[in-house]
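Accompanying notes for the structure given below.
The values are calculated or read from the model by the stated rules, or taken from the named source; none is laboratory data. Since this is a predicted model, take the numbers as computed values, not measurements. Here the Cβ positions follow ideal geometry from the backbone for every residue, glycine too, while neighbour counts run over all protein chains shown.
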Amino acid sequence: MMEQDETIFGWQNLWMLALFLLVLYGLIYLLKLAMERYMAQNRIGNRLKLSSKRFELFYIPTAWLILILGFIAINPIWHGIFAGVVGIFTFPYLRNYVSGLFLKANPMLEVGALVQNEGTRGLINRVSRLGLILGTDTGEQFVWYRDFERMGFAVIAQETNQQLQSIYIKSEKTAAQILDILFDHPVLSFGNSSSLRATKSKDVFLYQFTLEQGAQIEDLSIYLAGHEIETSQTDKFE
């Protein structure tokens, strides 16, 4: 019985897979544009728009990963070695790219936002593939995503010049559970971005947000107290 020198996955399969992923991306992109143009400006609409933006953002690297795995499947030994060598030499850039994905998924990091991290304060002029271009007092400064994430940052104000509110939250609930509760309250302006970040203290989160016009931060504190969530202007709770 003659052995067949055939692979289950070949170059033709790889090209077909690439075409399928490209067509799927086109559909996702058109859906995102349609949602941005026709979706109502309300709490549910804004959440769906943000979700579609994040889905598109993470779809691209996922598609590339699938194609790389398909490339390796054609010749696992040699293609695997080649992919491994390329991965070793490009690891710093890949790590920076992954950091950028999570930073760009943060709706508060947009062009025009005033940000501050360790030793740097400026407006985001551009969001590139490899880093942020900040407009500082000394001119434009490029910051790698990995460095920006590692040093930590705070968003001080957005392009609309609306000052962001900040409040510390203490609860044994998870961040996802807290966000679900927050999304149900009408005083928060979800047309503007919000962020919930864990702090070094146990069960304590920093929440940055924008209130609807005329709303008071005390309204939010009372609402959260009704869900057994403590609030404070500092990270110190009695």
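Side notes on the structure shown:
- Total residues in the range 31-44 satisfying the condition of being assigned to a helix (DSSP H, G or I) and either within 20 Å of Ile181 (Cβ to Cβ) or at pLDDT below 70 (or both): the figure is 2.
- Any hit, the range 169-177, residues being modelled with pLDDT under 80 and either of a type outside the set (A, V, I, L, M) or not in a loop (DSSP other than H, G, I, E, B) (or both): no
- Residue that is farther than 30 Å from Met151 by Cβ and either β-branched (Val, Ile, Thr) or surrounded by 12 or more Cβ atoms within 10 Å (Cβ to Cβ) (or both), where the choices are Ile60, Ile72: Ile72
- The single condition among (1) modelled with pLDDT under 80; (2) touching a helix residue (DSSP H, G or I) at 6+ places or on another chain (Cβ under 9 Å) that Arg197 does not satisfy is (1).
- Matching entry among Lys53, Lys104, Lys49 (being in contact with an Asp or Glu (Cβ under 7 Å, 6 or more places away or on another chain) and either surrounded by 11 or more Cβ atoms within 10 Å (Cβ to Cβ) or at pLDDT 75 or above (or both)): Lys49
- Within the range 2-30, tally of residues that are modelled with pLDDT under 75 and either surrounded by 11 or more Cβ atoms within 10 Å (Cβ to Cβ) or within 22 Å of the chain's Cα centre (by Cα) (or both): 1
- Here the strands (runs of 3 or more DSSP E) wholly within the range 45-144 that include at least 2 residues being over 30 Å from Val23 (Cβ atoms) and aromatic (Phe, Trp, Tyr) are 139-144.
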